[in-house]
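Only one structure is covered here, and it is reproduced in the block below.
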Amino acid sequence: MNIHTPEFDRKPSRDEAEAALAVLRQWAGKSSDDEIATLDSAVGFLVPGQGYPALSRDYPSDFRIDDLYKDSLPDLQNGPSSLIVGAKQLIQHVGISNFRLPINYRTRDNGPLTLETSVTGTVSLEAEKKGINMSRIMRSFYAHSEAEFSFEVIEAALEDYKRDLGSFDARIQMRLSFPVKVKSLRSGLSGWQYYDIALELVERAGVRKKIVHLDYVYSSTCPCSLELSEHARRTRGQLATPHSQRSVARLSVEVKSGRCLWFEDLIELARDGVPTETQVMVKREDEQAFAELNAANPIFVEDAARSFCAVLKGDPRIGDFRIVASHQESLHSHDAVSILTEGPTFASDSLDPRLFQTLFHIG
């Protein structure tokens with residue numbers, strides 16, 4: 001029969017602690033290093049003249065942990081608020097960036113496709129919490145990584161790590177390079193065009209938004225330069241060529257609840273807005289066609305933003321959106337840029353100092 005004795009629950013007195021310490025010192029002074037390490041290596045500090053206990057330098061490959069040992073491991077990130085460094089302030093997003101894994105995607109035209117995907121996962125951190133266990137975000141995402149991608153799968157992963165980390169707001173972003181076979185303009189050849197795409201699921205104050213980002217690369221022929229070149233030909237018989245340049249637009253769109261917007265759909269919308277997409281496979285007849293296509297669609301960076309805007313506003317699946325365009329000039333040593341937003345989701349008074357540098361695409 002077990003009898004509960006209050007004596008076990010009381011805090012030992014200082015005299016009792018000093019007596020126990022004296023016994024430990026006496027034992028440690030007469031024990032070998034192995035005996036001390038077997039009990040607790042920290043006891044070695046109690047030996048007079050011993051600055052540091054002898055520690056094993058061999059990796060213990062046969063060491064196995066139990067629940068008691070696991071519970072004894074320090075966990076500073078979940079420590080008390082007294083350990084917080086700096087201001088006790090809410091952090092809107094903290095987490096991990098660019099952990100990579102293969103994800104299965106459904107495509108509109110070519111069935112399932114497995115693509116390497118870079119994932120960023122973050123959560124909010126309350127002012128009184130020290131930190132988060134970063135690995136829980138990865139574990140939560142890996143639990144759903146074998147499923148075929150959909151926004152519902154991302155939502156399930158987000159729910160898991162919000163629950164595991166006890167956070168209110170959260171975000172998952174997935175970046176990938178999406179291949180689409182594109183036909184040449186006249187020769188009948190085709191080649192793979194790769195599109196930088198990012199998917200975001202953002203939850204803030206209980207409201208979730210599904211966002212798709214697309215980088216669309218196109219050629220922009222300057223309308224002013226085209227007219228000046230034609231003027232030189234017409235009035236002076238002088239051969240002249242208008243300047244054009246590789247240009248990039250980042251289209252960020254909110255997908256309305258219950259709607260499906262395929263990657264291919266967004267790419268085609270971009271192509272409808274500005275048809276002078278850079279080409280993959282080109283023969284002479286394609287190069288001539290591309291020159292004619294550019295001449296038929298000369299475009300300033302302001303025109304590009306408004307042209308993309310027109311096609312995005314006309315699609316009922318798309319809510320708020322943002323267009324960031326950069327024409328990387330061949331005439332100037334600087335770029336021409338524009339930003340157009342629709343709705344509050346992407347509205348911002350501040351500009352990322354390196355935003356337009358991220359739109360530079362190397363062929």
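The values are calculated or read from the model by the stated rules, or taken from the named source; none is laboratory data. As the structure is a prediction and not an experimental result, all values here were calculated from the model. As a convention, Cβ positions derive from the backbone with ideal geometry for all residues, glycine included, and neighbour counts pool all protein chains shown. These accessible areas exclude ligands, DNA and RNA; they are computed on the full protein's heavy atoms, side chains included. Shrake-Rupley method; radii C 1.70, N 1.55, O 1.52, S 1.80 Å.
Descriptive notes on the structure:
- Scan the range 145-170 for residues that are open to solvent by less than 70 Å² (accessible area, probe 1.4 Å) and either of a type in the set (S, T, N, Q) or not in a helix (DSSP H, G or I) (or both) and the total you get is 8.
- Of all the residues in the range 298-341, those that are under 25 Å from the mean Cα position of the chain (by Cα) and of a type in the set (K, R) number 2.
- The range 87-106, residues that are open to solvent by less than 70 Å² (accessible area, probe 1.4 Å) and touching a Pro at 6+ places or on another chain (Cβ under 8 Å): N104, Y105
- Here V202 does not qualify as touching a Ser or Thr at 6+ places or on another chain (Cβ under 8 Å) and open to solvent by 20 Å² or more (accessible area, probe 1.4 Å).
- Qualifying residue in the range 293-309 (condition: in contact with a strand residue (DSSP E or B) (Cβ under 6 Å, 6 or more places away or on another chain) and part of a loop (DSSP other than H, G, I, E, B)): yes
- Matching residues in the range 64-86 - criterion: being surrounded by 10 or more Cβ atoms within 10 Å (Cβ to Cβ) and part of a helix (DSSP H, G or I): Y69, Q77, N78, S81, L83
- Filter result for P344 (out of contact with any Asp or Glu (no Cβ under 9 Å at 6 or more places or on another chain), open to solvent by 50 Å² or more (accessible area, probe 1.4 Å) and either part of a strand (DSSP E or B) or touching a residue at least 12 places away in the same chain (Cβ under 8 Å) (or both)): no
- Beta carbons closer than 9 Å, at least 6 apart along the sequence or on distinct chains, pair a first residue in the range 138-158 that is within 14 Å of G121 (Cα to Cα) with a second that is open to solvent by 30 Å² or more (accessible area, probe 1.4 Å) and among the basic types (K, R) for S140/K162; S140/R163; I154/K210; E155/R208; E155/K210; L158/R171; L158/R208.
- Test: S257 is open to solvent by 50 Å² or more (accessible area, probe 1.4 Å) and either polar (S, T, N, Q) or within 24 Å of N110 (Cβ to Cβ) (or both): yes
- Subset of the range 273-292 [in a helix (DSSP H, G or I), open to solvent by 40 Å² or more (accessible area, probe 1.4 Å) and either closer than 12 Å to Y218 by Cα or of a type in the set (D, E) (or both)]: E285, E287, F290, E292
- Filtering the range 107-144 to residues that are open to solvent by less than 60 Å² (accessible area, probe 1.4 Å) and hydrophobic (A, V, I, L, M, F, W, C) leaves L113, L115, V119, V123, L125, A127, I132, I137, F141.
- If only residues of the range 23-41 that are open to solvent by 100 Å² or more (accessible area, probe 1.4 Å) and either modelled with pLDDT of 80 or more or not hydroxyl-bearing (S, T, Y) (or both) are counted, the one that is farthest from R57 (Cα to Cα) is Q26.
- Tabulated pairs, the range 272-293, first of a type in the set (A, V, I, L, M), second assigned to a loop (DSSP other than H, G, I, E, B) and open to solvent by less than 70 Å² (accessible area, probe 1.4 Å), C-beta under 6 angstrom, 6+ apart or interchain: M281/S184; M281/L189; L293/T276
- Within the range 328-341, the set of residues being farther than 24 Å from V212 by Cβ, open to solvent by 70 Å² or more (accessible area, probe 1.4 Å) and not hydroxyl-bearing (S, T, Y) comprises L331, H332, H334, D335.
- Selection within the range 347-360 - surrounded by fewer than 16 Cβ atoms within 10 Å (Cβ to Cβ) and not hydroxyl-bearing (S, T, Y): A347, D349, L351, D352, P353, R354, L355, Q357, F360
- For the range 231-274, a residue qualifies if it is modelled with pLDDT of 95 or more, farther than 19 Å from V337 by Cα and small (G, A, S), and the qualifying residues are A232, G237, A240.
- Residue-level check: of (1) polar (S, T, N, Q); (2) modelled with pLDDT of 85 or more; (3) open to solvent by less than 60 Å² (accessible area, probe 1.4 Å), S61 misses just (3).
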